[in-house]
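Right, one structure below, let's go through it.
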Amino acid sequence: MLIKSRKPSEVCSSEITSSEAFEERRTFLKVAAAGAAASVISACSESETAPPARVSAAGNSAPPMPGVIKTTHGEGLELTSYEHVTTYNNFYEFGAGKSDPVKNSGSLITRPWNIVVDGECEAPGEIGIEEILADITQEERIYRFRCVEAWAMVVPWVGFSLSELLKRFKPTSRAKYVYFETLFDPKQMPGQQRNVLDWPYREGLRMDEAMHPLTMLVTGVYGKELPNQNGAPLRLIVPWKYGFKSIKSIVRIRFDEQVPDTTWWKRAPSEYGFYANVNPQVDHPRWSQRTHRNIGDGLFAGKHETLMFNGYADEVAHLYKGMDLKRFF
Ligand SMILES: Nc1nc2c(c(=O)[nH]1)N[C@H]1C(S)=C(S)[C@@H](COP(=O)(O)O)O[C@H]1N2
Ligand SMILES: [Mo]
């Protein structure tokens, strides 16, 4: 077997510590104090290189979702197992390690759950998750999902196009962006008791990206209700963008005229762009984005070439026509 030696640019963030990251790490260590497992902070740091812990997936018991329509999206792609999808997570509100969310997210209360929608729209208001589940047809679509830090999954998400929800609130012509916010409640989300990130977690899309049919609000996975660690009861999935855009446990959506502040972009603008389109030609300053490994493949499995827009170029490349994607990364 050929074991390829890695270029320095491929060394993952948990192995390399830039001076900036070192400072961050010191601060984080200070905050984390009492010896809790700390890792260099990044949107996707591979804090655990070993395969995910065999935590029996809390969520295996999640109720099946009735009336889900299976679509042809992603037919033929090889799925990542339910266990990997629900035990190898990024959800800093429950810790920075990949196996923290499954262990710690039991404290999140997902019923009742309301989402406020306001800003540049004619019909601002609030909608409950039960109303969404009852009123909006749920579809299963298999999407590629890739983290900025070179790991990827293929997941059968259950949900619906974000545009279906947004239209109900009648965005005005001034709505150029859509802003999203995660719940802020340090009692339910213990990670928020520390200043690891500027809480609440925030994300945003340009209006045309938000209205694109591939952009999905997700309520379930593998035909079952979304487990807490995956962002219950409602999270975003934008399959052609890096994982950090796919904000979890959403409580607020706002139509904005100006580009909104978003968590990772504001924290480290040289590392995480607003667009965050999967692009093998634009490296992260600390590692290459040309290849990825599939979670669940095993430690010695080869890496895969990353595709432009994560393989969705035919559907989305037109959104960025004429834009310099090295500048607007
Ligand atoms: N609120 C919130 N949303 C979040 C994150 C987070 O830490 N907090 N992590 C993001 C990152 S970096 C990734 S890769 C994906 C991971 O989604 P998954 O755990 O369902 O695979 O969630 C994204 N959404
Ligand atoms: Mo990520």
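Overview of values
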| quantity | calculated |
| --- | --- |
| Tabulated pairs, region 67-80, first under 18 Å from Pro213 (Cβ atoms), second in a loop (DSSP other than H, G, I, E, B), C-beta under 8 angstrom, 6+ apart or interchain | Val68/Gln138; Val68/Gly223; Ile69/Thr137; Ile69/Gln138 |
| Failed criterion for Glu149 (all others in (1) crowded, with 22+ Cβ neighbours inside 10 Å; (2) charged (D, E, K, R); (3) assigned to a helix (DSSP H, G or I) hold) | (3) |
| Single condition Ser56 does not satisfy, out of (1) modelled with pLDDT of 95 or more; (2) farther than 20 Å from Leu299 by Cα | (1) |
| Filter pass, Ile247 being more than 26 Å from Glu75 (Cβ to Cβ) and modelled with pLDDT of 95 or more | yes |
| In region 130-149, residue farthest from Pro64 (Cα to Cα) [restricted to those that are within 16 Å of ligand 1 (Cβ to nearest atom) and aliphatic (A, V, I, L, M)] | Val148 |
| Any hit, region 252-269, residues being surrounded by fewer than 24 Cβ atoms within 10 Å (Cβ to Cβ), modelled with pLDDT under 95 and within 16 Å of ligand 2 (Cβ to nearest atom) | no |
| Where a residue in region 264-280 is closer than 19 Å to Arg206 by Cα and its partner, wherever it lies, is more than 14 Å from ligand 2 (Cβ to nearest atom) and of a type in the set (Asp, Glu), with Cβ under 9 Å and at least six apart | Lys266/Asp198; Tyr275/Glu209 |
| Check on Ala96, at pLDDT below 95, within 16 Å of ligand 2 (Cβ to nearest atom) and within 16 Å of the chain's Cα centre (by Cα) | no |
| Flag if Phe160 is in contact with a strand residue (DSSP E or B) (Cβ under 9 Å, 6 or more places away or on another chain), within 19 Å of Ile247 (Cβ to Cβ) and away from ligand 2 (no atom under 15 Å from the Cβ) | yes |
| Scope region 250-273; condition within 25 Å of Lys170 (Cβ to Cβ) and assigned to a loop (DSSP other than H, G, I, E, B); matching residues | Glu257, Gln258, Val259, Pro260, Asp261, Thr262 |
| Single residue of Lys241, Lys248, Lys266 found to be under 17 Å from the mean Cα position of the chain (by Cα) and closer than 20 Å to His304 by Cβ | Lys241 |
| Residue within region 189-204 that is within 16 Å of ligand 2 (Cβ to nearest atom), β-branched (Val, Ile, Thr) and either under 25 Å from Trp265 (Cα atoms) or touching a residue at least 12 places away in the same chain (Cβ under 8 Å) (or both) present | yes |
| Residues (more than 21 Å from Thr262 (Cα to Cα), aromatic (Phe, Trp, Tyr) and surrounded by 14 or more Cβ atoms within 10 Å (Cβ to Cβ)) located in region 273-329 | Trp287, Tyr312 |
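Listed here are the residues, each with its yes/no results for (1) loosely packed, with under 15 Cβ neighbours inside 10 Å; (2) more than 10 Å from ligand 1 (Cβ to nearest atom).
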position: His73; (1), (2): no, yes
position: Tyr88; (1), (2): no, no
position: Lys98; (1), (2): no, no
position: Pro101; (1), (2): no, no
position: Gly106; (1), (2): yes, yes
position: Cys121; (1), (2): no, yes
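The values are calculated or read from the model by the stated rules, or taken from the named source; none is laboratory data. Fair warning: this is a prediction, and the values are worked out from it, not measured in the lab. Note that we place each Cβ from the backbone using ideal geometry, even for glycine, and neighbour counts take in every protein chain shown.
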